[in-house]
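First up is the structure itself, then whatever we jot down about it.
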Amino acid sequence: MIKHLRPAIMLIVLMAALTGLAYPLAMTGLAGRLFPYQANGSLIELDGKIIGSELIGQNFTSDGYFHGRPSATTDTDPNDSTKTVPAPYNASNSGGSSHVEGSRRPGERRFRSAGGDQSLRQN
């Protein structure tokens, strides 16, 4: 039985190394050499500062492109700095976070009683 298991285990290890390590590393290296701008994220710079990517949050209007899903982001109103305006393709909010407005410290939860008032309870 060991005579049959050894080649099977060796084949699994070999294929895992080839498909899980060698192939992805080779493709990443090849893409970096052939397409360095695209492989590094197609970043947009303004005055030496990275301000975004050509690939995230673009408002395509031509029928030849898929239409991106607008996000629910806002930006400062250029006419009145005390107000905000919708900015549906604002890529600055494309990162994830577990924090939301009004979030509490770890270990605290918000509970709402039947009367509608909110209180904090320590876990």
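The values are calculated or read from the model by the stated rules, or taken from the named source; none is laboratory data. This structure is a prediction, so every number in the text was calculated from the model and none was measured. As a convention, Cβ positions derive from the backbone with ideal geometry for all residues, glycine included, and neighbour counts pool all protein chains shown.
If I filter region 62-91 down to residues being among the hydroxyl-bearing types (Ser, Thr, Tyr), modelled with pLDDT of 70 or more and closer than 25 Å to Leu43 by Cα, which single residue comes out as surrounded by the fewest Cβ atoms within 10 Å (Cβ to Cβ)?
It comes out as Ser62.
Please tell me if Ile9 is under 23 Å from Ala87 (Cα atoms), out of contact with any His (no Cβ under 8 Å at 6 or more places or on another chain) and either assigned by TED's automatic domain parsing to the domain that holds Ala87 or not basic (Lys, Arg) (or both).
no
For region 1-39, give me the residue count where each residue is surrounded by 11 or more Cβ atoms within 10 Å (Cβ to Cβ) and assigned to a loop (DSSP other than H, G, I, E, B).
So the count comes out to 1.
Does any residue in region 34-58 that is at pLDDT 80 or above come within less than 6 Å, Cβ to Cβ, of a residue that is loosely packed, with under 11 Cβ neighbours inside 10 Å six or more places away or on a different chain, and which pairs are these?
From residues that are at pLDDT 80 or above, the pairs are Leu43/Ile50.
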